[in-house]
Structures are given as C-alpha cells and as structure tokens.
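Notes for the one structure printed next.
The values are calculated or read from the model by the stated rules, or taken from the named source; none is laboratory data. Remember, it's a predicted structure, so these values are computed and weren't measured experimentally. Virtual Cβ from ideal backbone geometry, glycine too; neighbours counted across all protein chains shown. Keep in mind that these areas ignore ligands, DNA and RNA; they rest on the heavy atoms of the full protein, side chains included. Shrake-Rupley method; radii C 1.70, N 1.55, O 1.52, S 1.80 Å.
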Number of protein chains: 2
Amino acid sequence: MQDLKLVSQDCADCPIRHRAVCARCETDELERLEEVKYYRSFEAGQTVVWQGDKMDFVASVVTGIASLTQTMEDGRTQMVGLLLPSDFVGRPGREIAAYDVVATTDLVMCCFRKKPFEQIMMQTPHIAERLLQMTLDELDAAREWMLLLGRKTAREKIASLLAIIAQRNASLTAHPKVGDVIFDLPLTREAMADYLGLTLETVSRQISALKRDGVIVLQGKRHVTVPDMRILLDEAGDDSDGGMLA
Amino acid sequence: MQDLKLVSQDCADCPIRHRAVCARCETDELERLEEVKYYRSFEAGQTVVWQGDKMDFVASVVTGIASLTQTMEDGRTQMVGLLLPSDFVGRPGREIAAYDVVATTDLVMCCFRKKPFEQIMMQTPHIAERLLQMTLDELDAAREWMLLLGRKTAREKIASLLAIIAQRNASLTAHPKVGDVIFDLPLTREAMADYLGLTLETVSRQISALKRDGVIVLQGKRHVTVPDMRILLDEAGDDSDGGMLA
DNA sequence: TCCATGCTTTGATGCAGATCAAGCCGCGCT
DNA sequence: AGCGCGGCTTGATCTGCATCAAAGCATGGA
C-alpha cells in the first residue's frame with residue numbers, strides 16, 4: 001500500500017522535488033494530474049481557506065504545517081486536524097469547506113484543481129480506494145482525539161500530544177529506535193491549546209510539570225528530548241503505543 | 001446521490017422489510033450481496049464487537065441504536081460514534097475494530113461478510129464513491145463533535161445533543177416543519193454523558209436547567225418537546241442550523 | 001543600543017463541573 | 001401490596017482548569 005500513498009516525494013523534474021498523488025499511477029494518469037498541478041505558499045498565520053468558502057482544489061502539504069480549525073461566533077476555537085508534510089487536504093465531491101484551513105507555520109502546498117482530480121479519481125479505482133483508506137485513517141485519528149478531548153486530564157492531553165508528534169516525526173525520518181526520542185515542537189503554546197481544548201496557560205504549566213518530573217527535557221521552548229518513551233506513553237494514559245515500541 | 005445511499009429501506013421480499021447497500025445497484029450486484037447478507041440481534045447493553053477484535057463484516061443498523069466507544073484502562077469511556085437506523089458500521093479494508101461497538105438499545109443489524117462486500121466495492125465505482133462520501137460525512141460529524149468536546153460548556157453540550165437528535169429524527173420521519181419539535185431521547189443520562197464528555201449528574205442538572213428555563217418541555221424522563229427550535233440552536237452555541245431551518 | 005513585539009512562564013483567584021452521597025420515581029417481580 | 005432495582009434527580013463539597021494579571025525572554029528593526 002505504501003506505493004499508493006498520496007505523498008510528497010522527491011521528484012527530480014519538479015521545482016521543489018515534490019511528486020504527489022500516486023507513485024504507482026500509470027504514466028498518462030500522472031501526466032493528466034501534472035497538467036492541473038500547481039504550488040501555493042503561505043506565511044504563518046495566513047488562512048488558506050475559510051469555512052463556508054468554495055474550495056476548488058485538493059492539495060497535499062509539501063513543507064510546513066497547516067491546521068483545520070472550527071470556530072464559534074464568540075471566538076472559541078478548536079483545532080480538528082493537524083496537517084504535516086505529505087498529509088492530504090481536500091474533500092472530493094464537496095464544494096464547500098467545512099472548516100478553516102490555517103497555515104500554522106510558513107507553508108507550501110501542492111494543489112490540484114478539484115474537477116480534474118475527481119475525474120481521474122473516478123476512473124482510477126486504486127486512487128479512490130486509497131482515498132477511502134486515508135479518510136478512514138483520519139476518522140480513526142479524529143476518534144482518538146475525541147477521547148482525548150472528552151476524558152483526559154490536562155497532563156494526559158499534553159503527554160498524548162507529545163507522543164503523537166514524536167510518532168509522526170518518527171514515521172517521516174529514518175527512525176533510530178534507540179535511546180532518546182528527540183524532536184522540535186512545531187506548534188506554539190496557543191496552537192497546542194487549540195489542539196487540546198485547553199488554555200495556553202494550562203499548556204505551559206503542564207509542560208513545566210512534565211519537565212520538572214523528568215518525563216521530558218527541554219532545550220529552549222521548542223526542542224524536546226524524551227528520555228524514556230514508555231514513561232511518556234504511560235502519562236498519556238493510552239494503552240496503544242501507536243506502533244512506536246516493538 | 002440519495003439513490004446511492006447505503007440505507008435501510010423497505011424491501012418487500014425481506015423478512016424485516018429492509019434492503020441495504022445500494023438502491024441503484026445493478027441486479028447482479030445486489031444479488032451477490034444478498035447471498036452474503038444476514039441479520040443479527042442484540043439486547044441493550046451487549047457488546048457487538050470489542051476493540052481490537054477481528055471484524056469480518058460490515059453492517060447497517062436496522063432498528064435500535066448502537067454506539068462506538070473508546071475506553072481507557074481505568075474505565076473512563078468516551079462515545080465516538082452514534083449509530084441510528086440506516087447508519088453504516090464497518091471499515092472496508094480494515095481487519096481489526098478500532099473501538100467497541102455497543103448496543104445502546106435493543107438492536108438489529110443487517111450484516112454482510114466483509115470479503116465479498118469489499119470485492120463488490122472494488123468492482124463497483126459508485127459504491128466505492130458512496131462509501132467515501134459517507135466516510136467524509138462521518139469525519140465532518142466527528143469534527144463538529146470535537147468542537148463540542150473541546151470548547152463547549154455543559155449547557156451548550158446538552159443543547160447541541162438535543163438539536164442533533166432532533167435533526168436526525170426529522171430526517172428519518174416526514175418532517176412537519178411546523179410548530180413544536182417533539183422526540184424521544186433514545187439515550188440514558190449515562191449514555192448522554194459518554195457522548196458529551198460529562199458526568200451523568202451534570203447531564204441531569206443541565207437538562208433540568210433547560211427545562212426550568214423553558215427551552216424544552218419534558219414529559220417523563222425521555223419525551224422532549226422543543227417549543228422553539230431557534231432558541232435551542234442558540235443555546236447550542238452553534239451558528240450552523242444543520243439545515244433544520246429554512 | 002534600545003525598544004517593541006510575540007511568545008512564554010508563573011502567580012493569585014474564581015468557578016464550572018466532578019465527586020460523594022442521599023433519596024426519588026417507575027417498573028417488574030413475587 | 002411490598003420489594004428490589006435501574007435510571008434519574010438533587011444537594012453538599014471539592015478540585016482542576018480557566019481567568020486575570022504581571023513579568024521574563026528572545027528576536028528584529030530603528
């Protein structure tokens with residue numbers, strides 16, 4: 001299945017070495033996609049699409065981080081999706097965006113016009129199949145996230161988020177699997193709060209607490225070292241290790 | 001699209017007048033499905049599938065209510081899906097159930113063995129397409145739900161749930177669209193608490209408060225009358241009316 | 001260099017919702 | 001009737017997180 005993933009991959013004949021959609025595509029399919037492919041850049045904080053707007057493209061994240069957020073009239077916001085490089089954004093068959101898409105960091109996306117993308121999808125069973133699998137993955141993630149939002153304590157929420165980021169990082173880089181797990185937090189405290197359904201003060205306090213208790217080591221505000229991943233996963237209150245441990 | 005919905009529909013040649021999967025199926029597809037179709041009944045409280053178990057069927061709810069729930073080691077549980085009649089359960093392409101499926105009331109499901117279902121799906125683009133659309137619908141619902149869990153107050157949560165149930169009911173029955181909206185709560189206070197990430201005491205108190213404030217009228221513990229749906233939707237803190245109002 | 005700005009930390013206080021505890025209501029059973 | 005039980009309500013109290021407030025720390029620009 002890996003070869004069917006809608007991914008960002010090195011692509012020699014592409015300005016930013018990015019090939020998207022389907023590594024196993026037949027040549028003509030790929031070329032039809034290339035015709036309708038284009039890149040867009042955003043600065044941190046910019047909104048890519050507003051909830052309710054027409055969204056006439058699908059895309060995948062090349063570099064940077066985007067988030068999907070829901071906002072209430074009075075300004076309360078909840079992040080409902082976190083998109084790292086190679087993640088897919090878009091709603092085949094849907095005209096209207098159901099939530100805001102926001103560039104959390106500087107962001108480059110690889111976009112495809114939706115109409116032609118959908119046509120290719122309809123004619124290419126394994127792309128449709130792959131899209132279904134990705135959507136199911138997102139649904140699984142959303143449901144884990146619901147457990148976090150509904151039932152976990154602030155400390156468990158923070159530990160869970162750190163674990164999730166560590167895991168997502170590990171799946172992108174060649175994972176060493178030995179010793180400390182090290183990564184940079186790609187989110188501000190405020191973005192973490194929006195992810196977790198907390199305030200930024202609580203996020204800050206709980207990170208300090210985890211540091212004080214030796215669960216994590218911080219260098220600066222963003223660089224995290226996890227001496228023992230099992231302890232962190234235990235703090236997350238989550239039996240599943242997400243495949244992180246053997 | 002409606003004619004492609006995976007639905008429970010009246011079906012004269014079926015013991016419980018239920019035809020599932022695809023109203024526009026070609027005859028032979030439908031018959032292939034009929035061959036692998038069977039019914040299962042459960043009593044309220046029974047678990048249909050355990051998280052982590054192999055799940056070798058997909059199904060749709062015929063009568064009753066099922067819920068998908070996540071549970072932590074210490075017993076905290078969060079509902080992550082609520083399945084009313086005609087809703088689909090199952091994960092095409094997945095071996096293992098990602099969460100418990102529980103019969104919240106007495107329940108009848110119409111099941112299909114997964115393998116043949118998947119084969120038919122692969123060979124039938126519009127079934128695959130329909131499945132993708134349904135999964136996207138579930139994802140949208142999950143993300144609304146995340147906003148509820150992460151950012152809404154107890155009162156808003158209750159109002160939102162009542163609105164959701166009212167809407168789902170309206171879409172099943174011929175919706176009068178005039179005057180009071182009336183329905184029966186299909187969930188215990190405890191199930192509502194699991195849905196909303198609250199305790200059952202808080203659910204009870206907030207329902208009492210909405211009653212006291214005239215937002216709803218209760219006859220008994222389950223029968224709800226909503227004198228003015230706009231007030232309820234306003235209490236839910238949700239700008240979207242879910243298509244309930246013109 | 002100094003200040004402005006955005007991000008973060010930390011402290012003091014308040015409150016929404018959890019927890020603990022009792023009792024009520026309706027129903028089925030004997 | 002009388003009883004037990006599951007579901008529900010209501011009260012008293014506790015507490016985890018929000019809120020309000022202030023100050024620390026980097027970075028970049030004048």
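The figures follow:
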item	result
Members of the range A:194-221 found to be within 14 Å of chain B (Cβ to nearest Cβ) and either among the β-branched types (Val, Ile, Thr) or in contact with a strand residue (DSSP E or B) (Cβ under 9 Å, 6 or more places away or on another chain) (or both), listed by number	A:Asp194, A:Tyr195, A:Leu196, A:Gly197, A:Thr199, A:Thr202, A:Val203
Cross-chain or 6+ apart pairs with Cβ under 6 Å, the range A:185-208 first and among the acidic types (Asp, Glu), then near DNA strand C (Cβ under 8 Å from one of its atoms)	A:Glu190/A:Leu200
Given (1) more than 16 Å from the chain's Cα centre (by Cα); (2) within 22 Å of A:Leu139 (Cα to Cα), number of the condition B:Gly75 does not satisfy	(2)
Residue count for the range B:76-88, restricted to those that are open to solvent by less than 10 Å² (accessible area, probe 1.4 Å) and of a type in the set (Val, Ile, Thr)	1
Conditions (1) within 9 Å of chain B (Cβ to nearest Cβ); (2) free of Cβ contacts under 8 Å to residues at least 60 places away in the same chain; number of the one not met by A:Lys152	(2)
Residues located in the range A:188-218, provided they are within 11 Å of DNA strand D (Cβ to nearest atom) and over 21 Å from A:Glu144 (Cβ atoms)	A:Arg189, A:Thr199, A:Leu200, A:Glu201, A:Ser204, A:Arg205, A:Ala209
Residue selected from the range B:179-220 under the condition small (Gly, Ala, Ser) and open to solvent by 40 Å² or more (accessible area, probe 1.4 Å), by the criterion farthest from A:Arg143 (Cα to Cα)	B:Gly179
Test: residue in the range A:162-176 that is of a type outside the set (Phe, Trp, Tyr), within 10 Å of chain B (Cβ to nearest Cβ) and within 30 Å of A:Glu43 (Cα to Cα)	no
Counted residues, the range B:126-166 - those being more than 16 Å from DNA strand D (Cβ to nearest atom) and touching a Phe, Trp or Tyr at 6+ places or on another chain (Cβ under 7 Å)	3
Qualifying residues in the range A:123-132 (those that are in a helix (DSSP H, G or I) and more than 7 Å from chain B (Cβ to nearest Cβ)) - the one least open to solvent (accessible area, probe 1.4 Å)	A:Ile127
Complete set of residues in the range B:102-122 that are open to solvent by 30 Å² or more (accessible area, probe 1.4 Å) and touching a residue at least 60 places away in the same chain (Cβ under 8 Å)	B:Thr104, B:Thr105, B:Asp106, B:Val108, B:Arg113
Strands (runs of 3 or more DSSP E) within the range A:59-114 that include 1 or more residues within 20 Å of A:Leu149 (Cβ to Cβ)	A:66-71, A:77-83, A:100-103
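A quick yes/no check of all residues on (1) more than 21 Å from A:Asp239 (Cβ to Cβ); (2) in contact (Cβ under 8 Å) with a residue 24 or more places away in the chain; (3) open to solvent by 30 Å² or more (accessible area, probe 1.4 Å); (4) within 14 Å of another protein chain (Cβ to nearest Cβ):
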residue	(1), (2), (3), (4)
B:Met55	no, yes, no, yes
B:Thr63	yes, yes, yes, no
B:Ala66	yes, yes, no, no
B:Arg91	no, yes, no, yes
B:Glu95	no, yes, yes, yes
B:Asp100	no, yes, no, yes
